[in-house]
Amino acid sequence: MRIPFLSMFLTSPFDGLEEHAAKVKDCAWTFQQAMECHVSKRCKRFDELRKEIIHLESEADAIKRRIRGHIPQGTLMPVDKFQLFRYLREQDNVLDACEDAMDWISYRSDPGIPKELEKDFLLLVDAVVDPIDQLSLMVAEAREYFRGYADEQRVKVKEIIRRLREQEHQADKHEDVIKEKTLNLKIDPVTIFHMIRLAEIIGSIADHAENAGDMMRAMVAK
């Protein structure tokens, strides 16, 4: 007989997961603004937006530590607590990838994106932000599932996971377009390397969101 997941905690771990997911979503919105600023070349707020991302990542780290420290040893759970931690790690990796992209941009003194790639980078950013929007919804729906284990609720969670996979696939396509175009541009090798690596880092944001979905699928499959 299954014991309702949330009844075994004075404070549900999903409280923290939802709070963490909200920080991830805020970070994604700020990341999108920072990338639009970087592409425009006329925007002067990039450093400000980058600092905001670093601040959000720091706040999310505090939430992550709190979640890990508030599951008592030996607590009975219908999912392995390490599955919960692996999910949290992937959700947190979304934030890390956003910060990594900002850091990578900051390493070059020459700002901006080659004009031929501007639209493609904006499309890639939009594509990786879409699955991040799904994370908060997925955590909220999973929370409801673990309240009563209703099959209908489980289907909702799995549908969100399916959308995450589709969105990650679309992001991969945009990343591939950037790589192909970059390698065929007549620009200096440093810029070529910088653009390809930037596309890979941004693309990894969607990869981690999809990985989080896979971790959630493993949890609701029990």
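Quick note: the coordinates plus some simple rules give every number you see, no bench work behind them. As the structure is a prediction and not an experimental result, all values here were calculated from the model. Positions of Cβ are backbone-derived with ideal geometry, glycine not excepted, and every protein chain shown enters the neighbour counts.
Restricting to segment 168-212, and then to whatever is among the acidic types (Asp, Glu) and touching a residue at least 24 places away in the same chain (Cβ under 8 Å), can you tell me which residue is surrounded by the most Cβ atoms within 10 Å (Cβ to Cβ)? Please lay out each step first, then the result.
We begin by selecting, within segment 168-212, every residue among the acidic types (Asp, Glu); these are 168, 172, 175-176, 180, 188, 200, 207, 210.
Those still in the list that are touching a residue at least 24 places away in the same chain (Cβ under 8 Å) too: 168, 172, 175, 200, 207, 210.
On the way: 168: 22, 172: 16, 175: 24, 200: 16, 207: 20, 210: 22.
Selected residue: 175.
Conditions: (1) surrounded by 21 or more Cβ atoms within 10 Å (Cβ to Cβ); (2) closer than 22 Å to residue 94 by Cβ. Residue 156 meets all but one. Number of the miss?
In the conditions (1) surrounded by 21 or more Cβ atoms within 10 Å (Cβ to Cβ); (2) closer than 22 Å to residue 94 by Cβ, residue 156 misses (1) alone.
Considering each of 212, 221, 150 in turn, give the residue that is aliphatic (A, V, I, L, M) and under 19 Å from the mean Cα position of the chain (by Cα).
Numbers: 221 fails: under 19 Å from the mean Cα position of the chain (by Cα); 150 fails: under 19 Å from the mean Cα position of the chain (by Cα).
Every option except 212 fails the conditions.
Being assigned to a helix (DSSP H, G or I), over 30 Å from residue 67 (Cα atoms) and without any contact (Cβ under 8 Å) to a residue 12 or more places away in the chain, is that true of even one residue in segment 113-125? Full working, then the answer.
So in segment 113-125, the residues assigned to a helix (DSSP H, G or I) come out as 115-125.
Narrowing the set further to residues that are over 30 Å from residue 67 (Cα atoms) leaves 115-124.
Remaining after also requiring without any contact (Cβ under 8 Å) to a residue 12 or more places away in the chain: 115, 119.
Yes, segment 113-125 has at least one match.
Among the residues of segment 149-167, which ones are assigned to a helix (DSSP H, G or I) and either in contact (Cβ under 8 Å) with a residue 60 or more places away in the chain or touching a Cys at 6+ places or on another chain (Cβ under 6 Å) (or both)? So that I can check it myself, show each step before the final result.
First pass over segment 149-167, keeping only residues assigned to a helix (DSSP H, G or I): 151-167.
Once the filter is applied, which keeps residues that are assigned to a helix (DSSP H, G or I) and either in contact (Cβ under 8 Å) with a residue 60 or more places away in the chain or touching a Cys at 6+ places or on another chain (Cβ under 6 Å) (or both), segment 149-167 yields 154, 157, 158.
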